[in-house]
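In what follows, a single structure is set out as structure tokens and then discussed.
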Amino acid sequence: MSTFNILIAGFGGQGVLFAGKCLAYKGLTENKQVSWLPSYGPEMRGGTANCSVILSDTPVGSPIVSNPDVLIAMNLPSLDKYENEAVSGAKIFIDSTLITRKVEREDVEAFYVPATKMAADIGAPTLANMIIIGKMIKETGVVDFDTIEVGLKKVIPARKADMLELNLKALKAGYDL
Amino acid sequence: MTEKVLMKGNEAIAEAAIKAGCRHYFGYPITPQTEIAAYMAKRMPKIEGTFLQAESEIAAINMVYGVAATGKRVMTSSSSPGIALKSEGLSYLAGADLPALVVNVQRGGPGLGGIQPSQSDYFQATKAGGHGDFRMIVLAPAFVQEMADLTIKGFDLADKYRMTSMILADGTMGQMMEPVEIREDAEITTYDKPWAVTGTGCKREHNIVNSLFLKPDQLEKTNIERYERYKLIEESEAMYEEFMMEDAEICVVAFGIAARVSQNAIVEARKQGIKVGMIRPITLWPFPKKPLLAAADKVNKFISVELSMGQMVEDIELAIRCKKPVELCNRVGGMIPSPEEVLAKIKEANGGKN
């Protein structure tokens, strides 16, 4: 691995920032250089949110990912906005429950994950983010999946420890897809 | 060694301040620095500290003045328009020779401006913090780790020289998370403060903390003495970092987030055979004049990369005594130059070669 420039985008409330944090923490425990930068502003639940996550073997320069090599689009506005920003050869992960259109570019690799539906099916309707992250890890190998729990434990606060199992279940469902 | 954790830049400042012995925080919320206040609100009550959300920025800086007079470590934080409101207090702190730490996580201006990152308070921080003859030590972190380290350093310098240290960050630095280590065993220097107002116990003459001197000869004397201290600081406290400068023919000068973006551009330019490096000021006042002047004899051109309309350019020109041209590569209003934009400027400075 050299450097992964990851952009995760969707609606506020879909756990976009949380998913990014989880990845960043996992990278940190693997002694990678990491940065996490959220969009901030007048965002709110239902508005747009995104975060830049960089995982690298070398020190991170700019923490801003404007041309992702991994793009996760959790809603249509995000795909519309960032599809053309992705580098050639990028891997694009799409929540196909919420986004019905296909990726238009031919120089990228698209993965259609019915994340929102799968999350509902496993009894974790708020965890579409973890489903799609699981699939992304499977296809990119950005972090070690076998020890993914380590990253999760760092970002799930103690008072919500009961959410750990469900998050793992969602990650695995995405990974095994 | 302490375990590295992921922290937002704002949180790293707050935790480092506590580590440095700060137990008094006064603030008023404003994006993009509110996490500092939120963190302090959570932590201070647990360590017998004081967190107080003041009724305004002006109130907060005057509360800082009060605590500083007692010799305790104290801080406030805000973002651009809020810092402008504090400028009267900053001047009073200087006039009374009180140490304090003030954090500015900058956003776009002027006016109420926007809430996205900016570096356009450079003049305000380095030259015009308030009325009267005075300076502030201005520290410009470019990594979350530096947000923590320079906070500790800022408290130290403030106490050492009896003046305000300002952390001049921006929205990106405040909001981003990176691994950070706040060392449990970090050495915190404490200073004797015989001038502090702590109660005499009827055992000594009482101290007076004041910035009013109605006799001009007396006021002149305090100003001259203060500037002797400033001279000492200029000689001994300038901090900077060099990146790929050994054989550089073009020197980028950038701080904070602009330096991070520039680093990407420089690495790419080097791959294309362009000899370019960077001097990253860590202190903006004192400005690292010496390394810049030394570089002026080696490089052909300087490029100032900034999130302002070029407020740092004249400091570079003065430092290098106008020996070489200084060009500007900038975005403003909350926009951040991309590495590609900086690279294009580097190529242009290289005479369009490569």
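Along the principal axes of its C-alpha atoms, what lengths does chain B span, in descending order and rounded to whole Å?
Ordered largest first, chain B gives principal extents of 75, 48, 42 Å.
Taking the protein assembly as shown on its own, what percent of its Cα-Cα pair distances exceed 45 Å?
Tail fraction, whole percent: 19.
Using Cα springs under 10 Å in a Gaussian network model of chain B, which residue among B:Glu48, B:Glu317, B:Glu57 shows the largest mean-square fluctuation?
Among B:Glu48, B:Glu317, B:Glu57, the largest GNM mean-square fluctuation belongs to B:Glu48.
Rg and Dmax of segment B:1-52 over Cα atoms: what are they, in angstrom?
11.0, 35
If the cut-off is a Cα-Cα distance under 12 Å, which aspartates and glutamates reach A:Lys153, setting aside same-chain residues fewer than 8 apart in sequence?
Cross-link targets: A:Asp162, A:Glu165.
Between B:Leu343, B:Leu168, B:Leu93, which gets the highest mean-square fluctuation from a Gaussian network model of chain B, Cα cutoff 10 Å?
B:Leu343
Out of segment B:172-253, which GluC sites (Glu not before Pro) are coil in DSSP terms and have no more than 12 other C-beta atoms within 10 Å?
Those that pass, being in a loop and sparsely packed, are B:Glu184, B:Glu187, B:Glu205, B:Glu246.
May I ask for the Rg/Rh ratio of segment B:68-174, computed from Cα atoms with Rh as the Kirkwood radius, given to two decimals?
Result: Rg/Rh = 0.95.
Which residues of segment B:247-264 bury at least 50 Å² of accessible area once all protein chains are present, versus their chain alone (1.4 Å probe)?
Hits at the 50 Å² cut-off: B:Arg260.
Just how far, in whole angstrom, is segment B:89-154 from segment A:66-88 if you go by their alpha carbon centroids?
Measuring centre to centre over Cα atoms gives 36 Å.
What percent does the relative contact order of segment B:122-260 come to when contacts are Cα pairs within less than 8 Å and at least six residues apart?
Computed value for segment B:122-260: 26 percent relative contact order.
Per residue of segment A:71-79, what does 6.51 cos²θ - 1.76 cosθ + 1.60 with θ = phi - 60° give for ³J(HN,Hα)? Whole Hz please, x for Gly and Pro, Karplus curve as stated.
Rounded to whole hertz, the list is 10, 10, 10, 9, 8, 4, x, 5, 5.
Accessible area drop of at least 50 Å² (1.4 Å probe, protein heavy atoms): which residues of segment A:11-43 qualify, relative to the chain alone?
Residues meeting the cut-off: A:Tyr25, A:Leu28, A:Trp36, A:Tyr40.
Between A and B, buried accessible area summed over both sides at probe 1.4 Å, in Å² to the nearest 100?
Buried area between the two chains comes out at roughly 1700 Å².
Which whole-Hz couplings ³J(HN,Hα) result when phi for each residue of segment B:105-113 is put into the Karplus expression 6.51 cos²θ - 1.76 cosθ + 1.60, θ = phi - 60°, listed in order with x for Gly and Pro?
Listing the rounded values in order: 9, 5, 10, x, x, x, x, 6, x Hz.
Shielding of A:61-73 by partners, i.e. mean partner chain Cβ atoms within 10 Å per residue?
Values: counts 11, 15, 11, 10, 0, 4, 3, 0, 0, 0, 0, 0, 0.
Taking the mean over all residues of the peptide, I get 4.
What span do the alpha-carbon atoms of segment B:241-349 cover on each of the three principal axes, reported in whole Å from largest to smallest?
33, 29, 21
Considering only Cα-Cα distances, which of the following residue pairs are longer than 30 Å: B:Lys160/B:Lys323; A:Lys32/B:Lys160; B:Lys42/B:Lys86; B:Lys289/B:Lys347; A:Lys91/A:Lys169?
B:Lys160/B:Lys323; A:Lys32/B:Lys160
For segment A:3-175, which whole-number percentage of the solvent-accessible area (1.4 Å probe, protein heavy atoms only) is attributable to carbon and sulfur atoms?
52
When the Kirkwood hydrodynamic radius is evaluated over all pairs of different C-alpha atoms of chain A, what value in angstrom, to one decimal, is obtained? Intermediate results must be reported in sequence, preceding the final value.
On the way: mean 1/r = 0.0629 Å⁻¹.
Kirkwood radius, chain A: 15.9 Å.
From the phi angles alone, apply the Karplus equation (6.51, -1.76, 1.60; θ = phi - 60°) to segment A:23-28 and give each ³J(HN,Hα) in whole Hz, x where the residue is Gly or Pro.
5, 4, 5, 5, x, 4
Keeping every protein chain present and rolling a 1.4 Å probe, give me the accessible area per residue for segment B:5-236 in Å².
That works out to 42 Å² for each residue.
Of the residues A:Ile122, A:Ile64, A:Ile133, which exhibits the maximal mean-square fluctuation in a Gaussian network model of chain A defined by a 10 Å Cα contact cut-off?
Judging by the Gaussian network model, the answer is A:Ile122.
Per the helix-only calculation at 222 nm, which mean residue ellipticity applies to chain A, given -39500 (n - 2.57) for every DSSP H run of n ≥ 4 and division by its residues, nearest 500 deg cm²/dmol?
When only DSSP H runs of four or more count, the value is -10500 deg cm²/dmol.
Give the accessible surface of segment A:25-117 per residue, rounded to a whole number of Å², with probe radius 1.4 Å and ligands, DNA and RNA excluded.
Per-residue value: 43 Å².
For peptide B:169-177, compute the average count of partner chain beta-carbon atoms within 10 Å of each residue's beta-carbon. Write out the running numbers ahead of the final one.
Details: counts 0, 0, 2, 5, 2, 1, 8, 10, 14.
Mean number of neighbouring Cβ atoms from other chains: 5.
The values are calculated or read from the model by the stated rules, or taken from the named source; none is laboratory data. Source: prediction; values computed, not measured. Here Cβ is always computed from backbone atoms with ideal geometry, including for glycine, and neighbour counts include all displayed protein chains. Just the protein is used for accessible areas: all its heavy atoms, side chains included, with ligands, DNA and RNA removed. Shrake-Rupley method; radii C 1.70, N 1.55, O 1.52, S 1.80 Å.
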